[in-house]
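The values are calculated or read from the model by the stated rules, or taken from the named source; none is laboratory data. Note that the coordinates shown come from a computational prediction; the quantities given were computed from them, not determined experimentally. Cβ coordinates were reconstructed from backbone atoms using ideal geometry, including for glycine residues, and neighbour counts include every protein chain displayed. Just the protein is used for accessible areas: all its heavy atoms, side chains included, with ligands, DNA and RNA removed. Shrake-Rupley method; radii C 1.70, N 1.55, O 1.52, S 1.80 Å.
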Amino acid sequence: MVKICCIGAGYVGGPTMAVIALKCPSIEVAVVDISVPRINAWNSDQLPIYEPGLDEVVKQCRGKNLFFSTDVEKHVAEADIVFVSVNTPTKTRGLGAGKAADLTYWESAARMIADVSKSDKIVVEKSTVPVKTAEAIEKILHHNSKGINFQILSNPEFLAEGTAIKDLFNPDRVLIGGRETPGGQKAIEALKDVYAHWVPEDRIIATNLWSAELSKLAANAFLAQRISSVNAMSALCEATGADVYQVSHAVGKDTRIGPKFLNASVGFGGSCFQKDILNLVYICECNGLPEVANYWKQVISMNDYQKNRFVNRVVSSMFNTVSGKKIAVLGFAFKKDTGDTRETPAIDVCKGLLGDKAFLSIYDPQVSGDQIQRDLSMNKFDWDHPLHLQPMSPTSVKQVSMTWDAYEATKDAHGICILTEWDEFKTLDYQKIYDNMQKPAYVFDGRNVVNVEKLREIGFIVYSIGKPL
Ligand code: NAD
Ligand code: UGA
């Protein structure tokens with residue numbers, strides 16, 4: 001029986017390994033992590049992450065060929081294939097701070113693999129890493145190998161949160177990069193065999209190591225660039241009377257451009273787009289390519305501009321001050337169908353409104369009050385370090401309250417900011433909400449989920465990204 005071990009039981013490691021276990025009953029999969037609470041949660045009925053369809057997959061395999069454990073060394077020692085899916089956050093200090101990827105967690109995992117291994121292993125980069133990381137990992141493994149043969153592969157993950165299980169069941173492609181040596185090619189074949197249990201062969205792409213590593217950064221940069229492009233257009237739409245929905249529909253009908261990922265928004269969030277583009281920018285700078293670096297940097301600048309623009313719109317619409325006013329925030333997660341708040345645009349928008357002394361009443365169906373307090377009191381980039389290493393903020397942000405109900409959150413509010421596109425926000429009883437709000441009552445829709453005309457008929461003053469005012 002082939003044994004797989006995955007180091008890192010996070011948003012990628014957990015769902016990816018659960019699907020491998022489900023699709024490959026002949027493979028034993030162990031997911032290990034240094035976080036005791038995380039592993040305990042994976043072994044309980046309350047999984048540590050919310051992801052549609054994940055519970056069913058885990059329930060089907062856990063205890064059969066899927067195991068979650070904190071005994072990292074034992075499972076790594078026993079495995080034939082070791083996936084490393086630890087976090088690769090942005091460095092917060094030292095060389096490259098604020099841009100370069102922090103490979104501390106990766107390096108410590110690699111050193112541990114070298115220490116405990118007694119048999120040959122394929123080590124798979126699942127985390128998103130800078131180009132040439134495999135070379136560094138090879139150095140660590142080979143210098144400590146005691147004669148063991150390690151083959152390094154790059155197998156970046158392309159799943160999106162909220163649709164992780166769907167994406168894993170039916171991936172657009174699986175990318176495997178390896179050394180162009182007989183040993184490297186054999187390792188690629190071994191990993192291909194795993195995916196071939198359910199992924200059609202023509203969707204499994206084999207490349208060299210550096211192409212695989214760079215393709216992941218490039219894919220995220222291209223995706224984020226589309227959002228920044230449509231968001232840039234949204235500002236122009238507001239200035240000219242065009243409607244961004246109509247523009248992106250018309251543009252996306254061109255089969256060369258395509259309709260997906262053209263939704264204007266308050267800005268993109270999530271744990272990876274910004275981090276991976278900053279990482280790409282840093283790599284370009286290190287390779288003496290400042291023009292290329294600046295090109296990609298603009299994708300982030302446009303995203304920051306969009307978030308600021310939204311805050312400015314709220315404040316300027318409400319007579320240039322929100323001081324002392326109650327603003328209801330509907331949605332805090334970085335997108336719908338996830339409880340993940342990493343780098344969510346809601347953090348910047350809330351901080352902007354708090355800076356103008358607003359009182360915030362926040363509701364998100366999947367995000368706890370503790371998490372929101374932690375996010376609002378944390379420094380930029382600190383969020384991406386493991387949860388269990390984050391200190392709980394000693395003081396909570398006083399102007400912020402949380403509710404588990406949209407009607408409660410909006411009661412007596414002067415304005416509403418919709419920051420996540422949860423489906424339930426489309427079907428709220430806006431007449432009831434309007435009746436219970438201060439007047440004039442404002443809605444600032446950062447996700448284009450509400451029916452603008454209908455809300456205006458009720459009496460709301462409505463601002464929707466990229467729509468005529
Ligand atoms: P995560 O923070 O949810 O999970 C990482 C886990 O690794 C944590 O639970 C942490 O405790 C554990 N860990 C860190 N060092 C360890 C060590 N030495 N030994 C054992 N466990 C250790 O992160 P994530 O969202 O799963 O992302 C992991 C990687 O995958 C990142 O590089 C990210 O860029 C990439 N990625 C993420 C997504 C996504 O949707 N979240 C998608 C594609 C790629
Ligand atoms: C993204 C990529 O889609 C995945 O392919 C990739 O594997 C992953 O990053 C990663 O490397 O971490 P994710 O961040 O989970 O996945 O979610 P997306 O659906 O890409 O959304 C990212 C952000 O962009 C969200 O805030 C979303 O609301 C926003 N978005 C997305 C828009 O504002 N407009 C759109 O048209 C699409």
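Inspect the range 87-96 for any residue being under 22 Å from the mean Cα position of the chain (by Cα), of a type in the set (D, E, K, R) and in a strand (DSSP E or B) and give the result as yes or no. Scanning the range 87-96 turns up no residue that is under 22 Å from the mean Cα position of the chain (by Cα), of a type in the set (D, E, K, R) and in a strand (DSSP E or B). Criterion first (closer than 14 Å to VAL397 by Cβ and outside any helix (DSSP H, G or I)) does LYS357 satisfy it? The answer is yes for LYS357.
One line per residue, one yes/no per condition, for (1) away from ligand 2 (no atom under 15 Å from the Cβ); (2) within 24 Å of ALA441 (Cα to Cα):
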| residue | (1), (2) |
| --- | --- |
| LEU278 | no, no |
| VAL292 | yes, no |
| ASN308 | yes, yes |
| MET318 | yes, yes |
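Which condition number does LYS275 fail, the rest of (1) away from ligand 1 (no atom under 16 Å from the Cβ); (2) closer than 20 Å to ASN303 by Cβ being met? Single failed check for LYS275: (1). Look at the range 118-140: where a residue is open to solvent by 20 Å² or more (accessible area, probe 1.4 Å) and a partner is part of a loop (DSSP other than H, G, I, E, B), sitting 6+ places away or on another chain with Cβ atoms under 7 Å, you get SER119/ILE148; ASP120/ILE148; ASP120/ASN149; ILE122/ASP80. The set of residues from the range 295-324 being more than 23 Å from the chain's Cα centre (by Cα) and open to solvent by 70 Å² or more (accessible area, probe 1.4 Å) comprises ASN312, PHE319, ASN320.
Within the range 19-31, one or more residues are under 23 Å from GLY339 (Cα atoms), within 16 Å of ligand 2 (Cβ to nearest atom) and crowded, with 19+ Cβ neighbours inside 10 Å. Residues that are crowded, with 19+ Cβ neighbours inside 10 Å and within 16 Å of ligand 2 (Cβ to nearest atom) were ranked within the range 51-86; the one that is farthest from the chain's Cα centre (by Cα) is PHE83. Taking first residues from the range 298-310 that are closer than 15 Å to LYS99 by Cβ and part of a helix (DSSP H, G or I) and partners that are modelled with pLDDT under 95 and among the aromatic types (Phe, Trp, Tyr), no Cβ contact under 6 Å between residues at least 6 apart in sequence or on separate chains turns up.
Scanning the range 1-11 for residues that are in contact with a strand residue (DSSP E or B) (Cβ under 9 Å, 6 or more places away or on another chain), at pLDDT 95 or above and not basic (Lys, Arg), we see that the one that is nearest to PHE83 (Cα to Cα) is CYS6. Taking the range 34-50 as the range and being in a loop (DSSP other than H, G, I, E, B) and either closer than 17 Å to VAL367 by Cβ or within 16 Å of ligand 2 (Cβ to nearest atom) (or both) as the test, the residues that pass are GLN46, LEU47, PRO48, ILE49, TYR50. Highlighted here are the helices (runs of 4 or more DSSP H) found entirely within the range 169-272 that include at least 2 residues which are in contact with a Pro (Cβ under 7 Å, 6 or more places away or on another chain) and within 16 Å of ligand 2 (Cβ to nearest atom): 209-240. For the range 154-174, a tally of residues being under 18 Å from LEU191 (Cβ atoms) and among the hydroxyl-bearing types (Ser, Thr, Tyr) returns 1. For the condition among the hydrophobic types (A, V, I, L, M, F, W, C) and either buried (at least 19 other Cβ atoms within 10 Å of the Cβ) or within 15 Å of ligand 1 (Cβ to nearest atom) (or both), ALA97 does not qualify.
Would you say GLU213 is among the acidic types (Asp, Glu) and surrounded by 15 or more Cβ atoms within 10 Å (Cβ to Cβ)? Criteria met by GLU213.
Let's see how each residue does on (1) in contact (Cβ under 8 Å) with a residue 12 or more places away in the chain; (2) surrounded by fewer than 22 Cβ atoms within 10 Å (Cβ to Cβ); (3) touching a Phe, Trp or Tyr at 6+ places or on another chain (Cβ under 7 Å):
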{"site": "GLY178", "(1), (2), (3)": "yes, no, no"}
{"site": "THR181", "(1), (2), (3)": "no, yes, no"}
{"site": "VAL199", "(1), (2), (3)": "yes, yes, no"}
{"site": "ARG203", "(1), (2), (3)": "yes, yes, no"}
{"site": "ASN220", "(1), (2), (3)": "yes, no, yes"}
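What is the residue count in the range 152-176 for residues that are open to solvent by less than 30 Å² (accessible area, probe 1.4 Å), in contact (Cβ under 8 Å) with a residue 40 or more places away in the chain and away from ligand 1 (no atom under 14 Å from the Cβ)? Residues meeting the conditions: 2.
When TRP106 is tested against (1) out of contact with any Phe, Trp or Tyr (no Cβ under 9 Å at 6 or more places or on another chain); (2) within 16 Å of ligand 2 (Cβ to nearest atom); (3) open to solvent by 20 Å² or more (accessible area, probe 1.4 Å), exactly one condition is not met: (3). When VAL194, VAL244, VAL266, VAL230 are screened for being of a type outside the set (Phe, Trp, Tyr), buried (at least 17 other Cβ atoms within 10 Å of the Cβ) and out of contact with any Gly (no Cβ under 9 Å at 6 or more places or on another chain), only VAL194 passes.
Of all the criteria given as (1) more than 10 Å from ligand 1 (Cβ to nearest atom); (2) touching a strand residue (DSSP E or B) at 6+ places or on another chain (Cβ under 8 Å), the one not satisfied by ASP33 is (1). Take TYR282 and tell me if it is on the phi < 0 side of the Ramachandran plot, among the aromatic types (Phe, Trp, Tyr) and without any contact (Cβ under 8 Å) to a residue 60 or more places away in the chain. For TYR282, the condition - on the phi < 0 side of the Ramachandran plot, among the aromatic types (Phe, Trp, Tyr) and without any contact (Cβ under 8 Å) to a residue 60 or more places away in the chain - is not met.
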